[in-house]
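Asker: I have a structure I would like to understand better, so I am pasting it below and will then ask my questions one at a time.
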Amino acid sequence: MSRPRKARTLESLPAPVIYIPAGWTQHQSAPVEVAIEDFEIMRLTDGHNLNIEDAAKKVGVSRSTAGRMLERARRAIALGLEQRAPIYLDASEDLILTPPEHLVESHNAEPSSQPHCGGLAIACEHPHSDSPVERIFGRAHGFAMIHPDGSLRAHIQNPGAKLKRDAAPAAVRLLKSQGVSRVVAGRFGPEAIKALAAEAIQPLVANGFSLKQAIELFNR
């Protein structure tokens, strides 16, 4: 019997991103993933000089778990640099988030100094307030299109949900046609992150959130 997944608390939500070495092509090393929750432990310890106990407490894990998370993040980044492979930061398969109260002030949720040129889309199967944000961007059943005032503009089916290949690019084309500038999902993957970046659409992670919570957090 598998262990139940435990929610993680992050001080801020780093947007999924991919770092591609100069001159890299898809015929070279495969991308290396750094899980967002592992990076959070590394950010707190290596970046902000917290000891491992305090970092573990902030994220809501044991000291031993935090130690393993830190080791994974360091190893992934080291191997990515050694192999000159793309390094991408994304939610892991098991990540469930518990947003702290002040998360609306974090970098990922902070409004840009420039007005958004398009709307917000949230991956969800049904346009109900308690509908969960879907885990996988490219395979999401559909997207809720949100007005600036937080109301639902439309709920559109995702053509990528039924595709065997290239699901993420199909979803990105749909969002582009709707004038979307930001999209919320539980996890994206390197191909989705690259396709979204090419269309200037920002991916935002909110796994474990409801549609209502995602609107409250990101539609600010």
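Where a number appears in this text, it was derived from the coordinates with a stated rule and is not lab data. Quick caveat, the model's predicted, so the values are computed rather than measured. Don't worry about glycine lacking a Cβ; one is built from the backbone with ideal geometry, like all the others, and counts go over all protein chains shown.
Asker: Between Glu216 and Val17, what FRET efficiency follows from the Cβ-Cβ distance if R0 is 35 Å, with the result rounded to 0.05?
Answerer: Calculated value: 0.90.
Asker: Add +1 for every Lys or Arg and -1 for every Asp or Glu among the other residues with Cβ under 15 Å from the Cβ of Leu79, and state the total.
Answerer: 0
Asker: Using a 10 Å cut-off around each Cβ, can you sort Thr25, Thr9 from fewest to most neighbouring Cβ atoms?
Answerer: Details: Thr25 7, Thr9 16.
Starting with the residue having the fewest Cβ neighbours, the order is Thr25, Thr9.
Asker: Something else now. Quick check on the exposure proxy: order Glu37, Glu82, Glu125 from fewest to most C-beta atoms within 10 angstrom. Mind dumping the intermediate values first?
Answerer: Details: Glu37 24, Glu82 10, Glu125 18.
Ranking Glu37, Glu82, Glu125 by Cβ neighbours within 10 Å, fewest first, gives Glu82, Glu125, Glu37.
Asker: At 0.36 nm per residue, minus the direct Cα-Cα distance, what do Ala197 and Ser29 gain on full extension? Give it in nm, one decimal, please. Before the final figure, lay out each step's value.
Answerer: On the way: separation 168, 0.36 × 168 = 60.48 nm, distance 2.04 nm.
58.4 nm is the gain from fully extending Ala197 to Ser29.
Asker: Lysines near Lys176 by alpha-carbon distance under 27 Å, same-chain residues fewer than 8 away left out - which ones?
Answerer: Lys162, Lys164, Lys194, Lys212
Asker: If the cut-off is a Cα-Cα distance under 16 Å, which aspartates and glutamates reach Lys58, setting aside same-chain residues fewer than 8 apart in sequence?
Answerer: Here the aspartates and glutamates satisfying the reach criterion relative to Lys58 are Glu11, Glu37, Asp38, Glu40, Asp46, Glu101.
Asker: Relative contact order of the chain, please, whole-number percent, based on alpha carbon pairs below 8 angstrom and at least 6 residues apart.
Answerer: Across the chain, relative contact order equals 24 percent.
Asker: Figure the gain on full extension for Thr98 and Ala7 (residue separation times 0.36 nm, minus the Cα-Cα span) and round it to one decimal in nm.
Answerer: Working it through step by step, the gained length comes to 32.2 nm.
Asker: Sticking with this one: Once you charge only the Cβ atoms, +1 for Lys and Arg and -1 for Asp and Glu, what is the size of the charge dipole of the chain about its Cα centre, to the nearest 20 debye?
Answerer: 560 debye
Asker: Still on this structure, please answer the following. Could you identify which residue out of Gln157, Gln26, Gln202 has the top mean-square fluctuation in a GNM of the chain using Cα springs shorter than 10 Å?
Answerer: Per the Cα network of the chain with a 10 Å cutoff, Gln26 tops the list.
Asker: Between Ser177 and Ser151, what's the calculated FRET efficiency when r is the beta-carbon distance and R0 is 30 Å? Round to 0.05. Show your work: numbers first, answer last.
Answerer: On the way: r = 21 Å, r/R0 = 0.69.
Step by step, r from the Cβ atoms, then E = 0.90.
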